[in-house]
1. In the stretch 92-112, what residues are among the hydrophobic types (A, V, I, L, M, F, W, C) and touching a Ser or Thr at 6+ places or on another chain (Cβ under 7 Å)?
2. Name the pairs whose Cβ atoms lie under 7 Å apart, with the first residue in the stretch 97-126 and polar (S, T, N, Q), the second surrounded by 13 or more Cβ atoms within 10 Å (Cβ to Cβ), and 6 or more positions between them or separate chains?
3. Need pairs with beta-carbon distance below 7 Å; first residue under 10 Å from Ile100 (Cα atoms) and within the stretch 67-86, second within 10 Å of the ligand (Cβ to nearest atom) and at pLDDT below 95; sequence gap 6+ or separate chains.
4. Hey, which of the strands (runs of 3 or more DSSP E) in the stretch 34-126, taking only ones fully inside, have at least 1 residues that are away from the ligand (no atom under 14 Å from the Cβ) and surrounded by fewer than 15 Cβ atoms within 10 Å (Cβ to Cβ)?
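The values are calculated or read from the model by the stated rules, or taken from the named source; none is laboratory data. Everything numeric here is computed off the predicted structure, so don't read it as measured data. Glycine also receives a Cβ, built like all others from the backbone with ideal geometry; neighbour counts cover every protein chain displayed.
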Amino acid sequence: MKNGVWIASMVGFAFVLLAANIIYTASDNVMTGKVVGELEAPGVIHKISIRDYKYSVETLEISVGDTVAWANFDGVQHTVTSEDGEELNSALLKNREMYIHVFDKKGTYPYYCKPHPTMKGKIIVK
Ligand SMILES: [Cu+2]
């Protein structure tokens, strides 16, 4: 899966993602949602919250095949956009929307937020 998968419909506090056979729980918010698209055989799912104009984990090391899910908890819209314009390319995420990406190749993937280019993060896939 090259492109991200959108999840909407966040409910309550703490976030839970139901995708394929996965239940993903994290943080102090709960998200339940419907996967639009396919999420195939993901490895570990890592989550990154976007709050106060920051990605909660700035540098994250993962393994090939792992999934990263970003959820926006700010009132303003943010993106997850690769610096090279390729791997990561979310739309504007509204409050409580999520962007998901499966990394299937080793590498270092720096990204930023289009509306707020000082927001930066990096995924290192080993
Ligand atoms: Cu932003």
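1. Once the filter is applied, which keeps residues that are among the hydrophobic types (A, V, I, L, M, F, W, C) and touching a Ser or Thr at 6+ places or on another chain (Cβ under 7 Å), the stretch 92-112 yields Leu92, Leu93, Ile100, Val102.
2. Thr108/Lys122; Thr108/Ile124
3. As it stands, the answer is Trp70/Ile50; Ala71/Ile50, since those pairs meet every condition given.
4. Values: elements: 45-51, 59-62, 67-72, 98-102, 107-112, 120-125.
Filter on the stretch 34-126 gives 59-62, 107-112, 120-125.
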